[in-house]
Amino acid sequence: MSTTTRPATVTDELLERLVARVPGSSGATWKLTEVYTGEVLVELPQSTPEDIERAFHEARAAQRLWAQWPVRKRLEVFERAHTLLIDNALTTADLIQVESGKNRRMAIEETCDPPMVISHYLKRAPKLLAPKRRGGPVPFLSTSTEVHVPKGVVGIIAPWNFPFATGLSDAIPALMAGNAVVVKPDNKTALSPLFGISLLEEAGLPKGLFQVVCGEGPDVGPTLIDNADYVMFTGSTATGRVIGERAGRNLIGCCLELGGKNPMVVLDDLDDAAVEEWVESAVFGVFGNTGQICMHIERIYLPESRYDELRDAFVRRASGLRIGASYDFGPEIGSLVSTDHRDRVASHVEDAVTKGATVLTGGRARPDLGPAFFEPTVLEGVTKDMLAGKTETFGPVVGLYRYRTVDEAIKLANDTDYGLNASVWSGDIARAEEVAARIESGNVNVNDALATAYASKGTPSGGVKSSGVGARHGDQGLLKYTDVKNVAVLKRQVLGARPGQNYDAYVKQMLSSLKLMRRLRVR
Ligand code: NAD
């Protein structure tokens, strides 16, 4: 049975408590709504430039003390946070659902991301943050030590599609490395990150270290970037360019995790069992989170020889998807995040149909289910002069394409400005890996759509081409939040000619010692 009654955990008292920590000295607020009903849940304070500067000031004061904590002591906070985040996963999922309209499965899966990130870096951070002694230029008489120091205060700008994951998971390695964080969630989805931060504080994170400011991006962004020592941005490619430009002008580092137009290439050798697996995975890869996953699939390339069979199997499953507004596990697909976004998705479908594409299933908004619902939609005959053929739709819409040779499939898959995620399916893993090696993308999933790459927290994950700069996860997902200090020690003044030494003799000695050192190092 499905239910659209607001979850009992999402009380007015909880909502008021969460938004109370957002500074908003002007008194201006933004009406945060429940997506399934369009009803106002709470008035979210909007932060002024002065509020943002104050948040950075407080964060900076807290950071100076936090950076002095031994790494082990900082990590103990995250050991406790790991437990608290899991123990409170159901309430977190309730908040994620009310503010984003996604279905229950995706909300629950989203709650798992910060604990997974914590688990990974609890193991890895002590090694990454320990000073590393290297040899200096003169063996025995010199040393050089690589020391990682925190950047200071990291500004994080997060989108609405995974508000809890992007609000928290990118902050965790920054905090572990000794930084403070000021996060700006999207206005629509500020509740779940606020709840997550309250759990981190319950686990012992010092007050003031993790600040939240709210407002529309162009209002908050400039002051946030101008006060930050590093910016972590997740969002659209268009906004990423604005953020990157400003960070560049301020000479601070940034990581930009941006959009995609992600392809899936299916090779011609899948047996019946593999086709079944492919259909399930592809349906999730296209329609999971109502198509609002940055790594979701928007283009599927099928071999000409098996096109009809594979298309029909995919369309059959897509057209049977259960879609609806519910806080239980009934619907497989939830709502889009807003009516504005629904209109954007609808405009891509309309544009494609007007220019000659065919709708194989779906294609319509579903106001009968809720204000922002849109049907899972499969298109055929999409071309690059259509919006849906070129730019990111970010909704439950996919185009199916035929290819004749594997070379052609790879060429088509790479024919895009984006390079965030790709998927390759084959009965022969080695064959799929050969294709994967030729696809221009920051992530390639073999025999999966997207989750395997994203959940591999030990490997950096980012975009190439217009899909981004830098990466999250892996060693660089933590080290990017540090500056490297090279502390070099020379025990005796041996670099240079000795007093009174003939310079020709010195050069001869220096050149032969270069050869000697090379031989010593080779061994
Ligand atoms: P968006 O760029 O419109 O907004 C993202 C965030 O940036 C929001 O908090 C927004 O308020 C803020 N913002 C907007 N304009 C700003 C400005 N001028 N200065 C500073 N901040 C500004 O993106 P969106 O529509 O919220 O999110 C969807 C996009 O995010 C899609 O393109 C999706 O692919 C991408 N995304 C990428 C990843 C990834 O890891 N690569 C993950 C999730 C989402």
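The values are calculated or read from the model by the stated rules, or taken from the named source; none is laboratory data. The structure displayed is predicted, hence computed values, not measured ones. Here Cβ is always computed from backbone atoms with ideal geometry, including for glycine, and neighbour counts include all displayed protein chains. SASA here: full protein model, heavy atoms, side chains in, ligands and nucleic acids out. Shrake-Rupley method; radii C 1.70, N 1.55, O 1.52, S 1.80 Å.
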Helix 429-438 axis, angle to the chain major axis (alpha carbon atoms, nearest 10°): 70 degrees
For A422, list long-range residues whose amide hydrogen, built 1.01 Å from N in the peptide plane, is under 5 Å from its own amide hydrogen. N443, V444, N445
Residues of segment 45-62 with amide nitrogen under 11 Å from the 7 Å Cα-to-Cβ point of S26? 46-51
Sequence neighbours fewer than 8 away in the same chain don't count; with that in mind, list the lysines whose C-alpha is under 26 Å from K384. K261, K355, K411, K465
Out of the total accessible area of segment 262-455 (probe 1.4 Å, heavy atoms of protein only), what percent is carbon and sulfur? 50 percent
Percentage, to the nearest whole number, of Cα pairs in segment 262-455 over 31 Å apart: 12 percent
Tally Lys and Arg at +1 and Asp and Glu at -1 over the other residues with C-beta under 12 Å from the C-beta of D448: what net charge comes out? -2
The chain: calculated mean residue ellipticity at 222 nm from DSSP helix runs of at least 4, using -39500 (n - 2.57): -13500 deg cm²/dmol
Report the relative contact order of segment 262-455, percent, no decimals, based on alpha-carbon pairs under 8 angstrom and at least 6 residues apart. 29 percent
Given that compact globular proteins tend to follow 2.2 N^0.38 Å, what is the ratio of the alpha-carbon Rg of segment 255-342 to that value? 1.22
Report, in cubic angstrom per residue, the convex hull volume of the C-alpha atoms of segment 167-268. 152 Å³
For segment 262-455, dividing by residue count, accessible area per residue (probe 1.4 Å) in Å² works out to 39 Å²
Cα-Cα over 22 Å, subset of K151/K184; K132/K491; K73/K184; K123/K480: K73/K184
A student asked for the Cα radius of gyration and Dmax of the chain in angstrom ought to give 25.9, 93
Sum up the charges of everything whose Cβ sits under 13 Å from the Cβ of G38, counting Lys and Arg as +1 and Asp and Glu as -1, but leave G38 out. 0
Only sites in a loop by DSSP and with at most 15 other Cβ atoms within 10 Å count here; which trypsin sites (Lys or Arg not before Pro) in segment 460-520 make the cut? K491, R492
Give me the percent of DSSP beta bridges within segment 262-455 that run antiparallel, rounded to the nearest 5. 15 percent
Going out from 0 in 5 Å bins, what whole percent of all Cα-Cα distances in segment 1-151 drops into each bin? 2, 7, 11, 12, 13, 14, 14, 9, 6, 4, 3, 2, 1, 1, 0, 0
Fraction of beta bridges assigned by DSSP in the chain that are antiparallel (%, nearest 5): 40 percent
Note, segment 377-385: 3J(HN,Hα) by Karplus (6.51, -1.76, 1.60, θ = phi - 60°), whole Hz, Gly/Pro = x, goes 10, 10, 10, 10, x, 7, 10, 6, 8
Please report the spacing between the Cα centers of segment 380-419 and segment 460-523 in Å, no decimals. 45 Å
Charge tally for neighbours of V154 with beta carbon under 13 Å away, counting Lys, Arg as +1 and Asp, Glu as -1, is +2
